[in-house]
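Data block below; observations after.
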């Protein structure tokens, strides 16, 4: 097996606030291999965006405390100098943000944005950068790229803007692309187009992608590997097939149960996970954070269960013996089926 | 962009025409008042009144009166004051305008440069002592009344320290550009700074709050994620978008100052500008001068706004199609 492209070790991100320390990311470790698409799934506030923003040190809140290591091609991004980090940002690791409406500076053209990124990393003339911008816009499926390169962000639709952002992200051939809910702000048909575009570009450019999303459907279309986050911790990680077909953690069961079934009769009501997501300011962290909402919780959910690999490439953080999982999973998903 | 400029220019001309009609109606068509008596001034003789009536055509229909008035103002330029018997109005105004323009344009350059530098420095120094120190200077600038600051400056430079440090300061008053740029600037440098202090403080504070907001925008985070240096992020992204607000503010302030709001500075520094001229004519109830001042001031306010509109469109592509 080759060396991982990105290796996050025991990353912990907390914010000092007036009411005490808030832990957004609570000791997560994972790797991303070259050419791989990793889906990072979790509900709002689970720490998925914060953890990936931390990778590029994009959180400039002075009250933010970051611990752990983020190794990119063997170098720790968290301790490297600002100048070194800048040469990695945008060239080696590119990012796509959730809302294409606000990700582009409103007073500059699409071409300007792309050229700025190219010229930040390579010594090329304005003309050459502009030509590359046109090529990139064409490759992300923007018609009439020669004239659209001079259009301002407000002259594009939401989907087209996200394409511009993707073109910008790809402009320096990054080896890792972090997509933070790239389709959340778009409507469903555009969402499908953008995902297809990302998939095509991934096979064409060969970059690894970390796809942050709260949408299991998006993950099932895109990812090779899935990581599920809850309360700032990884609760399950494994290949897409393993996690989608045989989810191991009760939280993942809850997520899967909330997807409307496409076969059989139509569900009257979709199952929901009872309770509310754990607050990052909850100080009682020496336990399974999902326990308060879990139907299978027992006293042994304390102390915090670690992420254990039950079979090659598929690990989860739950104390239920792996041999009983299949049956419990059926129980967990049964109520929904029963109501159909 | 050119079409935008053309449309704006046309709009400016229409606004000027509308202003002239409004001003005319206010002065000459207010019901229940005899404009001739007001133009002739207090205690005017019957002969003067008759002279005024003939000169302004008060026996003719309204549109003729308007035309005659505009002719006096802009074509023959022979509008005469009846209060200060025989003094021509237009030369007074054309003498006052360069004074006010020199004062306000110079001050505007200083306050824009100062305000932008202070605002950017404060934004860059967020979280350090730099930011609050600059902002306190801004508040001090805003809080100093121009007439007080001006008098203090005069006291120091014209009297107390005039024989030592400030020997280079010329006596109060205006020196036209024809006397040489150096002399002109030397006479104006203290008025410029006095007027600029107030506005630099306001602009620095507004710009800082705009820029701090912009620094939290997604596009700034995106720019950082692209590998852009912090300086470029600050100037090309945050400042560039925040300038739009500053320019709108500038249009309002600049127009008002040209139109006479620089009165206090003009009085303190003995500059015979438009503000001072208007103030004096109001004191004497010198109607033709007031009329001329209002129209000339309106002209410069509209021109200033036209220029600001162009700058605005250049800065913000979103307004070009409006």
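Things worth noting here:
- Restricting the stretch A:121-130 to residues that are within 14 Å of chain B (Cβ to nearest Cβ) and surrounded by 15 or more Cβ atoms within 10 Å (Cβ to Cβ) leaves a set whose member that is farthest from residue A:90 (Cα to Cα) is A:129.
- Residue ID - nearest to residue B:22 (Cα to Cα), chosen from residues in the stretch B:291-322 that are more than 14 Å from chain A (Cβ to nearest Cβ) and over 17 Å from the mean Cα position of the chain (by Cα): B:291
- Test: residue in the stretch B:262-281 that is at pLDDT 85 or above, more than 14 Å from chain A (Cβ to nearest Cβ) and within 21 Å of residue B:118 (Cα to Cα): no
- Members of the stretch B:152-179 that are loosely packed, with under 11 Cβ neighbours inside 10 Å and either modelled with pLDDT of 85 or more or not in a helix (DSSP H, G or I) (or both): B:163, B:164, B:167, B:168, B:171, B:178
- Restricting the stretch B:225-240 to residues that are facing another protein chain (nearest Cβ under 7 Å) and within 34 Å of the chain's Cα centre (by Cα), the residue that is farthest from residue A:87 (Cα to Cα): B:240
- Complete set of residues in the stretch A:67-77 that are away from chain B (no Cβ under 13 Å), surrounded by 17 or more Cβ atoms within 10 Å (Cβ to Cβ) and at negative phi: A:70, A:71, A:72
- Of the residues making up the stretch B:249-307, those that are part of a helix (DSSP H, G or I) and under 23 Å from residue B:80 (Cα atoms) number 27.
- Condition check for residue B:243: surrounded by 23 or more Cβ atoms within 10 Å (Cβ to Cβ) and either within 9 Å of chain A (Cβ to nearest Cβ) or at pLDDT 90 or above (or both): no
- Any hit, the stretch A:121-141, residues being closer than 16 Å to residue A:193 by Cβ, in a helix (DSSP H, G or I) and in contact (Cβ under 8 Å) with a residue 40 or more places away in the chain: yes
- If only residues of the stretch B:30-55 that are out of contact with any helix residue (DSSP H, G or I) (no Cβ under 6 Å at 6 or more places or on another chain) and not in a loop (DSSP other than H, G, I, E, B) are counted, the one that is nearest to residue B:17 (Cα to Cα) is B:55.
- For the stretch B:216-224, the condition of being crowded, with 18+ Cβ neighbours inside 10 Å and away from every other protein chain (no Cβ under 11 Å) holds for none of the residues.
- Only one entry in A:184, A:189 is surrounded by fewer than 16 Cβ atoms within 10 Å (Cβ to Cβ) and touching a strand residue (DSSP E or B) at 6+ places or on another chain (Cβ under 9 Å), namely A:184.
- Condition check for residue B:33: under 30 Å from residue B:196 (Cβ atoms) and either loosely packed, with under 13 Cβ neighbours inside 10 Å or under 29 Å from the mean Cα position of the chain (by Cα) (or both): no
- Verdict on residue B:96 being within 30 Å of residue B:319 (Cβ to Cβ) and under 20 Å from the mean Cα position of the chain (by Cα): no
- Members of the stretch A:105-120 that are in contact (Cβ under 8 Å) with a residue 40 or more places away in the chain and either more than 7 Å from every other protein chain (Cβ to nearest Cβ) or not in a loop (DSSP other than H, G, I, E, B) (or both): A:108, A:109, A:110, A:113, A:114, A:117, A:118
- In the set (1) within 24 Å of residue A:56 (Cβ to Cβ); (2) within 12 Å of another protein chain (Cβ to nearest Cβ), residue A:133 fails one condition alone, (2).
- For the stretch A:142-177, the set of residues classified as part of a helix (DSSP H, G or I), surrounded by fewer than 18 Cβ atoms within 10 Å (Cβ to Cβ) and within 12 Å of chain B (Cβ to nearest Cβ) consists of A:154, A:155, listed by residue number.
- Residues that are part of a loop (DSSP other than H, G, I, E, B) and more than 7 Å from chain B (Cβ to nearest Cβ) within the stretch A:83-104 comprise A:92, A:98, listed in sequence order.
- Some residue of the stretch A:14-27 being under 15 Å from the mean Cα position of the chain (by Cα), at pLDDT 90 or above and outside any strand (DSSP E or B): no
- Matching entry among B:97, B:110 (being in a helix (DSSP H, G or I) and within 16 Å of residue B:299 (Cβ to Cβ)): B:97
- Residue list for the stretch B:70-127, restricted to those being modelled with pLDDT under 90 and within 14 Å of another protein chain (Cβ to nearest Cβ): B:126, B:127
The values are calculated or read from the model by the stated rules, or taken from the named source; none is laboratory data. Everything numeric here is computed off the predicted structure, so don't read it as measured data. All Cβ positions, glycine included, derive from the backbone under ideal geometry; neighbour counts span all protein chains shown.
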